[in-house]
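I have placed the structure first, in the form of structure tokens, so that the comments after it can refer back to it.
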């Protein structure tokens with residue numbers, strides 16, 4: 001079965017499992033200086049909390065908490081409006097016209113069966129429609145705020161210094177770049193995933209809770225690399241490379257940071273962790289004393 005894992009990486013990993021022996025948090029050090037880096041799940045059910053103990057422990061130990069981008073800015077309605085405008089088709093074009101007849105028929109049938117609104121999506125690019133349908137399905141299943149939102153609120157409440165690895169404008173650019181993927185591939189892959197969402201997410205979160213980055217890469221990263229290598233390198237490899245100087249700069253200070261990024265950024269041969277190791281830095285699973 002074909003699945004475009006970039007969509008799910010951008011959307012969320014979610015399900016309900018008990019904690020395993022390890023977590024998805026690593027400790028990176030350069031001499032006496034250190035930071036923690038943990039993989040995030042962008043949407044979760046209330047029953048998925050509390051997180052593995054390494055997450056609150058890393059938060060408590062950190063003076064600064066760093067996110068992918070400015071969480072206040074991307075949660076502002078103005079950012080959503082900017083994204084929607086960037087994802088609109090050129091005048092005169094339609095969603096149906098962007099897809100072949102078979103894909104359009106499949107999308108229409110799925111929309112009708114799931115009572116998802118397709119008509120309002122007619123002026124948007126297929127990648128945006130795929131993302132929107134994924135979010136709507138997740139909300140129907142009871143998914144809400146994920147780790148990023150919760151830890152951003154907690155960090156502010158605790159008076160932690162906040163930081164980000166990229167600007168909202170940069171993140172918007174990466175999201176818009178997803179529209180360069182073959183639209184029929186994107187829609188069909190999304191529908192494949194939506195039809196088995198609960199089962200797929202259960203497996204994803206199980207691997208995340210077990211701290212199993214290798215299996216998570218095989219489930220999500222490798223299929224994207226095989227099916228849409230341009231997308232893989234754009235939203236994962238290139239962003240990881242862009243983040244590397246920021247992480248090295250953090251390690252040059254005595255303060256301890258807790259960096260939170262999407263779980264797939266910490267999996268596979270092009271991961272942030274692999275790049276840090278190539279720089280000669282010490283990278284190890286964070287284990288509580």
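Taken together, the values in this text are just the output of simple stated rules run on the coordinates, not laboratory data. No experiment lies behind these values; they were computed from the predicted model shown. Note: ideal-geometry Cβ built from the backbone for every residue, glycine included; neighbour counts use all protein chains shown.
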> Just how far, in whole angstrom, is region 232-283 from region 133-167 if you go by their alpha carbon centroids?
Replying inline: 20
> Based on DSSP, what percent of beta bridges with both residues in region 10-169 are antiparallel, to the nearest 5?
Replying inline: 70
> Can you give the Rg and Dmax of the chain based on its C-alpha atoms, in angstrom?
Replying inline: 19.0, 62
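Antiparallel versus total DSSP beta bridges in the chain: what percent is that, nearest 5?
Working: 13 of 26 bridges.
Looking only at bridges with both residues in the chain, the antiparallel portion is about 50 percent.
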> Summing -39500 (n - 2.57) over the DSSP H runs of n ≥ 4 in the chain and dividing by its residue number, what mean residue ellipticity at 222 nm do you reach, to the nearest 500 deg cm²/dmol?
Replying inline: -14000 deg cm²/dmol
> Which angle from 0 to 90°, rounded to the nearest 10, does the C-alpha axis of helix 101-114 make with the longest principal axis of the chain?
Replying inline: 70
> Just 141, 44, 234 to compare: in a GNM of the chain, with alpha carbon springs under 10 Å, which one fluctuates most?
Replying inline: 141
> Using 0.36 nm per residue, how much length does the chain from residue 53 to residue 78 gain when fully extended, once their Cα-Cα distance is taken away?
Replying inline: 5.5 nm
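Explain nothing, just the number: relative contact order of the chain, from Cα pairs under 8 Å at least 6 residues apart, as a whole percent.
Details: 441 pairs, mean separation 117.5, N = 289.
Computed value for the chain: 41 percent relative contact order.
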> Under a GNM of the chain (C-alpha, springs under 10 Å), which listed residue has the highest mean-square fluctuation: 111, 271, 189?
Replying inline: 111
> Average projected area of the Cα convex hull of region 136-289, in nm²?
Replying inline: 11.0
>> Can you compute log10 of I(q)/I(0) for region 230-276 with the Debye formula, treating each Cα as one identical point scatterer, at q = 0.13, 0.16 Å⁻¹?
In response: -0.29, -0.43
>> Given a 10 angstrom Cα cut-off, can you work out which residue in 267, 58, 112 is the most mobile in a GNM of the chain?
In response: 112
> Separation of region 56-81 and region 82-127 by C-alpha centroid, Å?
Replying inline: 31
> So what are the three principal axis dimensions of region 60-216 from its Cα atoms, in whole Å, longest to shortest?
Replying inline: 55, 36, 27
>> Could you list 230, 166, 257, 22 so that the one with the fewest beta carbons within 10 Å of its beta carbon is first and the one with the most is last?
In response: 230, 22, 166, 257
> Going by alpha carbons, how many degrees (0 to 90, nearest 10) lie between the helix axis of 197-209 and the longest principal axis of the chain?
Replying inline: 10
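Could you give the length gained on full extension between residue 119 and residue 215, defined as 0.36 nm per residue of separation minus the Cα-Cα distance, in nm?
Working: separation 96, 0.36 × 96 = 34.56 nm, distance 3.82 nm.
Between residue 119 and residue 215, full extension yields an extra 30.7 nm.
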>> As a test of the definition: which semi-axes, in Å, follow for region 83-140 when you take the square root of five times each eigenvalue of its alpha carbon gyration tensor? Largest first, please.
In response: 18, 15, 8
> Using just the C-alpha positions of region 136-202 as equal point scatterers, what log10 of I(q)/I(0) does the Debye formula give at each q in 0.14, 0.25, 0.26 1/Å?
Replying inline: -0.73, -1.09, -1.09
> Any idea what Rg and Dmax come out to for region 55-102 if you just take the C-alpha atoms, in Å?
Replying inline: 19.4, 55
